[in-house]
Each structure stands twice: as C-alpha cells, then as structure tokens.
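Data block below; observations after.
The values are calculated or read from the model by the stated rules, or taken from the named source; none is laboratory data. Note that the structure is a prediction, hence the values are computed from the model and not measured. Because the Cβ atoms are built from the backbone with ideal geometry, glycine has one as well, and the counts that use them run over all protein chains shown. Ligands, DNA and RNA are stripped out before the accessible areas are found, and what is left, the full protein with its side chains, is counted by its heavy atoms. Shrake-Rupley method; radii C 1.70, N 1.55, O 1.52, S 1.80 Å.
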Amino acid sequence: MNDPGKNIESVLTENRQFPPSSEFSAQANIGSEQQYMEMWTKAKDDPSGFWGELAKENLDWFQDFDTVMEGDMPETKWFTGGKLNASYQCLDRHLVGPRKNKAAIIWEGEPGDQRILTYQQLHHEVCKFANVLKNLGCETGDRVTIYMPMVPELAIAMLACARIGAVHSIIFGGFSADAIADRNNDAESKLVITADGGWRRGKEIPLKANVDAGLEKSPTVEKVVVYRRTGGDVTMTPDRDYWWHELMDDVDADCPAVELDSEHPLFILYTSGSTGKPKGVLHTTAGYMLGTTMTSRWVFDYKEDDTYWCTADIGWITGHSYITYGPLSNGVTSVMYEGGPNWPDEGRFWQLVEKYQVNIFYTAPTAIRAFIKWGDQFPNQYDLSSLRLLGTVGEPINPEAWMWYHKVIGNEKCPIVDTWWQTETGGIMLSPLPGVTPTKPGSCTKPLPGVVPAIVDEEGNPVEEGGGLLVMTQPWPHMLRTLYGDHERFVDVYFSKFNGKYYFAGDGARLDSDGYYWVMGRVDDVLNVSGHRLSTMEVESALVAHDNVAEAAVVGFPHELKGEGICCFVTLKSGDGSDAEKEELKQHVRKQIGAIATPDKIKIAPQLPKTRSGKIMRRLLRDIAAGRDVSGDVTTLEDAGILDKLREDD
Ligand code: WTA
C-alpha cells in the first residue's frame, strides 16, 4: 500500500459519529434507513428491476430499451435496444417547463467577470456549436479533444459533442504538450477545441501554445477551434485553426439531438494506471447518464431551488459527472469558477459562496487542508449560512480536516458526504446519504443502492471486519466499458486479479463492525497527488527520457497539503546532482507530463536499492522518502550500504 501510514493510525481510533438532524432527514430525497435498505436490497437482489424502473422514470428515451442488463462482468451491456441522447437529457427536456429560464450555469471568471446561462440559452449555444462541429466535418463516433479553461464554452463543447454523438476526450488544462499529443494519438482525435489561454492565479495559462506544440506530434488532428478567453497572442495556422466566435456567427441554432444507442460511447477520459501509458477510460451513454443522474440526486439531495457548487475542474471525472452531466440532467443550477482558490486572496471560495448563496458545496480534501493552513479568518469574513450540505472527493480525508470542515464551514449543521468513487466507476459508489447515514470522520461509510462492494484478501476470500482489497461484486450501469483501443488491458487491470469474478478497484480499505468502509489508499503504483492520480511509472519514464538520467525510481510520501508528494530517486549518467541539476530534472518532468507531476523531492542515488534478482525495493524507498526508519527485511538487498547514502541526500 502506498503509505496510508498516519491516516490509518488516526482513523483506527476514530469513533465519533454525526447523525443527520431530524430537519435534514425530513426534507431529504432519501430520508430513512428503512427506505435506503429497501432500495439497496432490491438493487442487490433484482438489479434489472431496480435500474430498469429508474431508467424509465428518469431518462428520456427516443426508443425504449429491450433489456436492462445483458451479460456478466466485465462485458455487461445496459439498456440495449434503447435510443437516447445525453445532451437532450441535460437540456431539451427542461425547456418545456419552468426550468426553461432557470440558471443552468452561474459562471465566474478569475478576474471577477460573470455570466449566467439559463437552460434555454445553454441549449441555444450547444445547438449552434454542434452545427459548427458538423460543418467542420465532425461525425457521429469521431473523437474530439477538448483542452480548455473552466469557461462555459467547455460545457458547451462537451454537450455539443454529445448532441451529435462525437466522443469527447477532455484533457485537463494543466497537462503539457507531450501529454496532449499522447492522448490525441491514442484516441485518434480528429479535432481539438481549445482557447487562447485561461486565468490561473493572475497568470495566463498558454493553452493554444501547448496545443500547437502537441499537434506537431498528433497527425490525426485536422482542425482546431480556438475560443478567445484572455485575448493573449496566439498563432493561427491557416486552414487548420478557426476562431470559435467566427464559426458561431455563421450557424443557426437548429440541431436536433442525434438518436443514439444506449451503449454509444459518450466520452473517453484518460487516467493514470500502474504503467507509464495512461488509460483511456470509456463511458457509454445510457448507463453513465442514469448513474450520474441518480447518484447526484441521492447524495447531493438536490432541490429545485438549490445552488450547487462543485469546485473540481471539468478536466477530471468529478467535473464530468458532477458539474456537467449529473447536475444538468437534474435541472439544477450549477456554479462554475475559472480560477484558483487563493486569488486575489485566500477567501475567494467563501466570497463566492456568500455572493451566490451556495447551498451545496463539493470539494477535495487537499483543498480543505489548504484552507486550514490559510486560517479561519478567511471563511469567517463571509456569511456561509446558505450552506446546507458539504461534500468531499478524491482521497481519504483525515479526521482533523473533516472536523474543521464540519465546524468552520458547515457551522456544525451541514451533513458531510465523503464520496468514494473513480474515473472508472463513472459516479459515486460509497457515500453517506445525507438524510440517513450517521457519518464518521474519515469514512466514506456505505454503498449506494446498486453498489455491492466487498473487502477481500489476496485470494479473494471475503473479510468481514478488517482490512483488505476493495472490490465490486456486481456490475452497475455507469461502470467503464473498456479502455479505449485496448480491451485486453481493461480485462487484465480490473478483472484478472480475481479471475473475472470481481471488479478490482486498486484501493485498500477496511470494514468496521458497523459495516462502514474506510478507504486507505492505492495498493498499486498509483500516486494520489492532491486528489489526482499519477502513475509512478509515468514519472519514471519522463525522468529516464532525460539525457543525463541512467535510472529512476519514484515513490509517494505523506505530504501535508497534497496528501501524497512525489519523491524521485535518480541515478545520473554524469555529475553529482547539484541543486541546479535537480531543478532541471523537476522542470523536465513538469514539461513532459504537466505541472501536477512536478516532483517534490529529487534524491540522487549512486545506485538504487535492488534485490539480488534486480527488482527495485520500493518499500525501502518509501520509508526513506517519508523520513522513517526502514522497516522490515533488508536481507535481500544486494548492497546494504546504499540506504545510508540515499538518506544523506536531502
Ligand atoms: C481515491 C476521483 C478515499 C481512491 C473521483 C480512488 C478516495 C481514486 C475517495 C480515484 C474518497 C477517491 N476516499 N479515497 N472519498 N475518492 N479516492 O479516478 O484511491 O481521479 O481509487 O476519481 O481516488 O481517483 P479518480
């Protein structure tokens, strides 16, 4: 396990419980333990009946499905025979009633500019942009890369793709040119949608320049659409690059949603696995839409007049599922903010909560730890009394941070939903229901209806109470269908460990005597840096691509703000590793992958500690990176003296 160390100790002694207030339960979408248990049991015993009814009631179908579920994991197909459209689900069906002129997106840019798009206006823009895509030759099934700042046009672009059945592949704006090229090539993208730049902590992120560099190595891309956000200088390549606003001038807003099969691919989203090559997680239309629609309604307890804010970037799965598809499908008003939480000062988020009277606030533990560090004076300056529900996602939350969130932000009256899920699961899997589940700080509590998890040992035997590996024993509609272009890897990564019987999440977890789940962290070579997944192998391959690096091993270590930091042990071909050389290596990784992968520590290693058979002993490196005494057996180490040398380089 990658170093859950401190958190395990603190959660093991955690026994506080926070039941929802009776007022909250009385108004909640799911309001009693009995209702939850009935739903959960029905979904477990009769998944077809459970999901089939929900799909009929909550999705709009152009053509009804014949079968709810077909086939065993990992090849389960959902709602076959049905036809629908995700953009229709998020937009058109709201236009016939009072939601037509309701705010769909309340957007604020980092410099303080604001825009509000009603459902009708958003529909209008999406239809126009879908026509732009068609005019550029984009067809149903084509892959489209989106690399944009957090502006409404990002949501418009994704919904326009969905409208014509093009498959979007969104790349987080913090990724580098090389990462863009890799993803373009893997998905064989035909078109890229980007912007001149975006604002982040007062600086302009040069998105178009990154795309230009990436396109030198992306032969499949034919056209680029550029949205003008910052007004910064960009180079436009004739017959390849087009301005968004010019294209939008020339199209009308009549664009019926294409009637797509339930299993039509909706999007690809790349995420890190335990090898160097990112995995193109593929989600399909009906199952994903049903999953995000229902889980957001259950977990965030949406009400018609709620203002909901998820602070994630749409470049990650959280933004896909819980800024765009889930909230819009429910007709909710969703706040979208472009910039950093500490710009112009550390009170920015709380200023926005007060200004827009946010009721539901969903963020990440890494952000909460930063808020704590910045000090209570920032939230205390603002009126946060509109908040009624808080959420977290992305990594285990340490109980201290949970308590701070509960007291300082939630004023001890807001339930906290600690939601465990993954890019692959498409939607929330384990989470409190805010009107039902007594919460325990640090635990994501219990499975949602339709989710049947288990903790098993290495052989797949169930662990009733205690620690082990987290698996899913039944398929669910919003699970990934494949890794794009590599179905074999999909089966291998998620299903081979237990011979196809279970979906293996890659996380270690513990079950307590109340049946609560406590997720401890990854058990593979995946790091969780500020709630984002990075593979140690990805960083290692970036390092060895540097001329002066002979060998590299990368491990995580506990980091106060990021949860996990990146420590690189590097053997150089020449030189002794001056500070300037270390800095160069950090910048090299940053350039190859992106800012999120910037190493926190580079340690120069004359050699890496290996077993006699040549395997790098990562366990030892993790101890050294964390500044701990090396635990366990070192007798298999080839050169025992090496550890002292590694410790010296700090
Ligand atoms: C971790 C993010 C503990 C976990 C939605 C998982 C969590 C990985 C939690 C997925 C949580 C996510 N408690 N750990 N509430 N939520 N994780 O694909 O290790 O970016 O496997 O999806 O984040 O990260 P991903």
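Numbers below:
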| read-out | value |
| --- | --- |
| Checklist (1) out of contact with any Asp or Glu (no Cβ under 6 Å at 6 or more places or on another chain); (2) surrounded by 19 or more Cβ atoms within 10 Å (Cβ to Cβ); (3) not aliphatic (A, V, I, L, M) applied to GLN377, failing item | (2) |
| Selection within region 451-464 - away from the ligand (no atom under 14 Å from the Cβ) and not β-branched (Val, Ile, Thr) | ALA454, ASP457, GLU458, GLU459, GLY460, ASN461, PRO462, GLU464 |
| Yes/no for VAL408 being touching a residue at least 12 places away in the same chain (Cβ under 8 Å), among the hydrophobic types (A, V, I, L, M, F, W, C) and within 30 Å of SER386 (Cβ to Cβ) | yes |
| Residues of region 136-156 satisfying the condition of being touching a residue at least 40 places away in the same chain (Cβ under 8 Å) and not in a loop (DSSP other than H, G, I, E, B) | ARG143, VAL144, THR145, ILE146, TYR147, PRO152, GLU153, LEU154, ALA155 |
| Scan of region 381-403 for residues that are in a helix (DSSP H, G or I) and open to solvent by less than 30 Å² (accessible area, probe 1.4 Å), ordered by number | PRO399, ALA401, TRP402, MET403 |
| Check on GLY375, touching a Phe, Trp or Tyr at 6+ places or on another chain (Cβ under 7 Å), at pLDDT 95 or above and farther than 17 Å from MET520 by Cβ | no |
| Test: residue in region 101-119 that is assigned to a loop (DSSP other than H, G, I, E, B) and under 17 Å from THR324 (Cβ atoms) | yes |
| Complete set of residues in region 351-397 that are more than 16 Å from the ligand (Cβ to nearest atom), among the basic types (Lys, Arg) and more than 20 Å from GLY326 (Cα to Cα) | LYS355, LYS373 |
| Residues that are crowded, with 21+ Cβ neighbours inside 10 Å and either more than 12 Å from the ligand (Cβ to nearest atom) or outside any loop (DSSP other than H, G, I, E, B) (or both), drawn from region 417-440 | VAL417, ASP418, THR419, TRP420, LEU430, LEU433, PRO434, GLY435, VAL436, THR437, THR439, LYS440 |
| Region 505-525, subset among the aliphatic types (A, V, I, L, M) and without any contact (Cβ under 8 Å) to a residue 60 or more places away in the chain, residue most open to solvent (accessible area, probe 1.4 Å) | LEU511 |
| Region 597-636, residues that are in a helix (DSSP H, G or I) and open to solvent by less than 30 Å² (accessible area, probe 1.4 Å) | ALA597, LEU620, LEU621, ASP623, ILE624, ALA625 |
| In region 466-501, the residues that are assigned to a helix (DSSP H, G or I) and either open to solvent by 30 Å² or more (accessible area, probe 1.4 Å) or touching a His at 6+ places or on another chain (Cβ under 9 Å) (or both) | HIS487, GLU488, ARG489, VAL491, ASP492, VAL493 |
| Only listed residue being charged (D, E, K, R) and assigned to a helix (DSSP H, G or I), chosen from GLU304, GLU346, GLU354 | GLU354 |
| Test: residue in region 568-576 that is modelled with pLDDT of 95 or more and under 30 Å from GLU400 (Cα atoms) | yes |
| Flag for PRO219 being more than 25 Å from the chain's Cα centre (by Cα) and either under 17 Å from ASP142 (Cα atoms) or touching a residue at least 24 places away in the same chain (Cβ under 8 Å) (or both) | yes |
| Out of ARG240, ARG200, sole residue that is over 23 Å from the mean Cα position of the chain (by Cα) and closer than 30 Å to GLU110 by Cα | ARG240 |
| Check on ALA181, assigned by TED's automatic domain parsing to the domain that holds TYR242 and surrounded by fewer than 22 Cβ atoms within 10 Å (Cβ to Cβ) | yes |
| Single condition ASP579 does not satisfy, out of (1) without any contact (Cβ under 8 Å) to a residue 24 or more places away in the chain; (2) under 25 Å from the mean Cα position of the chain (by Cα) | (2) |
| Pairs, first at negative phi in region 270-282, second in a loop (DSSP other than H, G, I, E, B) and open to solvent by 30 Å² or more (accessible area, probe 1.4 Å), C-beta under 7 Å, six or more apart | SER274/ASP524; SER274/ASP525; GLY280/TYR484; GLY280/GLY485; LEU282/TYR484 |
| Residue match in region 441-450 (condition: away from the ligand (no atom under 12 Å from the Cβ), farther than 26 Å from TRP350 by Cβ, in contact with a Gly (Cβ under 7 Å, 6 or more places away or on another chain) and assigned to a loop (DSSP other than H, G, I, E, B)) | yes |
| Qualifying residue in region 51-72 (condition: assigned to a loop (DSSP other than H, G, I, E, B), closer than 24 Å to PHE490 by Cα and in contact (Cβ under 8 Å) with a residue 12 or more places away in the chain) | yes |
| Subset of region 557-581 [buried (at least 20 other Cβ atoms within 10 Å of the Cβ) and farther than 17 Å from ILE397 by Cβ] | PHE557, GLY565, ILE566, CYS567, CYS568, PHE569, VAL570 |
| Enumeration of residues in region 469-500 that are touching a Gly at 6+ places or on another chain (Cβ under 9 Å) and at pLDDT below 95 | ASN499 |
| Residue check for THR145: among the hydroxyl-bearing types (Ser, Thr, Tyr) and in contact with a Leu (Cβ under 8 Å, 6 or more places away or on another chain) | yes |
| Residues of region 43-52 satisfying the condition of being open to solvent by 20 Å² or more (accessible area, probe 1.4 Å) and under 29 Å from the mean Cα position of the chain (by Cα) | LYS44, PRO47, SER48 |
